[in-house]
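Asks: A single structure is presented below for examination.
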Amino acid sequence: MKNVKTLTLIAAAVAAMTTGTVQAEQYYGFANVSVNYLDWSGGTVDRSTAEGGQKADFVYLEVEGGAGYDWGDVYGFIDFENPTKGDWGYDAGEDAAEAFRIAAKGSVAVNIGETNWNYYGHLYSISDSSGFYEQNIVLGVSYDINTDFGLWVKPFLGAHYVHNNFIGAGFNGGMAGWVLGYNFKLGGQDFMITNWNEIEFARADEYRGFCTADTCAGPGDAGWVETNGDSTGLNGAVALWWNATSKFTLGLQYRYADNKLGTPAYQNAAIFSAKYNF
């Protein structure tokens, strides 16, 4: 029930992102829906583990939006992965290509006075048709960097908390990262490069893996099975977007992760996207 409530709150936040706020000046706003196909590399599929979930290519639908105000900015998305698949009796041991998943994220940055610093927080939640769910909360600060030549960067740093149905809930070290974008023209066409990147550090042993033997006390002991690997993890994507028209955008993304997503190894994929902009 908690997971359903979380997704409902994020959905409400996304729906409100392009709506004016009382007594707040809006600087920008956007919203779109997209269809996407994620194609894992062959090496990634080979390296993914049964314990963490065998990787499989999938289609997902996304609703995304964001807005900037004089007090700060908000952003969010909801993904429906394998939207035509999954059933109430799905077993996590079955083919991962048959799992239905919902992933959602909401973030907010509130200006600290007249500076470029912000109070920052984000919530990411994922669940699938086998009953697995995980929620990640990051609370900290971010900084706004804007240029006159089309580049903007928002680095952030915060404390990281995780709620996972297998291990429970608790403090999971910290997270640092950034989101950035660069708008440019080429051949008279509008393009944009974006990158989001998250680096987890000082992660809890419980999040790194699990013990299968009574004598196992943690990483390095006999019976220890790694699912997320080291105490640090990497997660992100870099993308090239072509704004063919004001309403239609095509994108090619390079998705990457290391010691993350249930696999204690490097992972990469290509994502092909088509967006309709409202």
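The values are calculated or read from the model by the stated rules, or taken from the named source; none is laboratory data. Owing to the predicted nature of the structure, the values given are computational and were not obtained by experimental measurement. Glycine gets a Cβ as well: all are built from the backbone with ideal geometry, and neighbour counts include every protein chain shown.
Asks: Does Ala265 meet the test of being surrounded by 19 or more Cβ atoms within 10 Å (Cβ to Cβ) and more than 19 Å from Glu64 (Cβ to Cβ)? Step through it out loud before you land on a result.
Replies: Working: surrounded by 19 or more Cβ atoms within 10 Å (Cβ to Cβ): no; more than 19 Å from Glu64 (Cβ to Cβ): yes.
Judged against the criteria, Ala265 is not a match.
Asks: Still on this structure, please answer the following. Could you please find all residues in the range 186-225 being more than 30 Å from Trp241 (Cβ to Cβ), more than 27 Å from the chain's Cα centre (by Cα) and either part of a helix (DSSP H, G or I) or of a type in the set (A, V, I, L, M) (or both)?
Replies: Matches in the range 186-225: Ala213, Ala217, Ala222.
Asks: Shifting gears a bit: Condition first: among the aliphatic types (A, V, I, L, M) and without any contact (Cβ under 8 Å) to a residue 24 or more places away in the chain. Now tell me which residues in the range 170-192 satisfy that. It would help to see each step written out before you state the result.
Replies: Step one: filter the range 170-192 for residues among the aliphatic types (A, V, I, L, M), giving 175-176, 179-180, 186, 192.
Listed by number, the list holds a single entry, Leu186.
Asks: When Tyr124 is evaluated against the numbered criteria (1) within 30 Å of Lys247 (Cβ to Cβ); (2) of a type outside the set (A, V, I, L, M, F, W, C); (3) buried (at least 18 other Cβ atoms within 10 Å of the Cβ); (4) in contact (Cβ under 8 Å) with a residue 24 or more places away in the chain, which criterion, by number, is the only one it fails?
Replies: For Tyr124, the failing item is (4).
Asks: In this structure, is Thr249 farther than 26 Å from Tyr266 by Cβ, assigned to a loop (DSSP other than H, G, I, E, B) and either at pLDDT below 85 or among the hydroxyl-bearing types (Ser, Thr, Tyr) (or both)? Spell out the reasoning first.
Replies: Details: farther than 26 Å from Tyr266 by Cβ: yes; assigned to a loop (DSSP other than H, G, I, E, B): no; either at pLDDT below 85 or among the hydroxyl-bearing types (Ser, Thr, Tyr) (or both): yes.
Considered against the rule, which asks whether it is farther than 26 Å from Tyr266 by Cβ, assigned to a loop (DSSP other than H, G, I, E, B) and either at pLDDT below 85 or among the hydroxyl-bearing types (Ser, Thr, Tyr) (or both), Thr249 comes out as no.
Asks: Now, a different point. Quick one: Tyr119 ticks every box in (1) modelled with pLDDT of 95 or more; (2) within 30 Å of Lys85 (Cβ to Cβ); (3) among the hydroxyl-bearing types (Ser, Thr, Tyr) except a single one, so which number is it?
Replies: Answer for Tyr119: the failing condition is (2).
Asks: To continue, here is another question. Looking only at residues in the range 91-116 that are at pLDDT below 95 and small (Gly, Ala, Ser), which one is surrounded by the most Cβ atoms within 10 Å (Cβ to Cβ)?
Replies: Ala99
Asks: Among the residues of the range 82-99, write down those that are over 17 Å from the mean Cα position of the chain (by Cα), part of a loop (DSSP other than H, G, I, E, B) and either within 30 Å of Asp144 (Cβ to Cβ) or not charged (D, E, K, R) (or both).
Replies: Pro83, Thr84, Gly86, Trp88, Gly89, Tyr90, Ala92, Gly93, Ala99
Asks: For the structure I just gave you, tell me whether Trp88 is surrounded by fewer than 18 Cβ atoms within 10 Å (Cβ to Cβ), hydrophobic (A, V, I, L, M, F, W, C) and at pLDDT below 95.
Replies: yes
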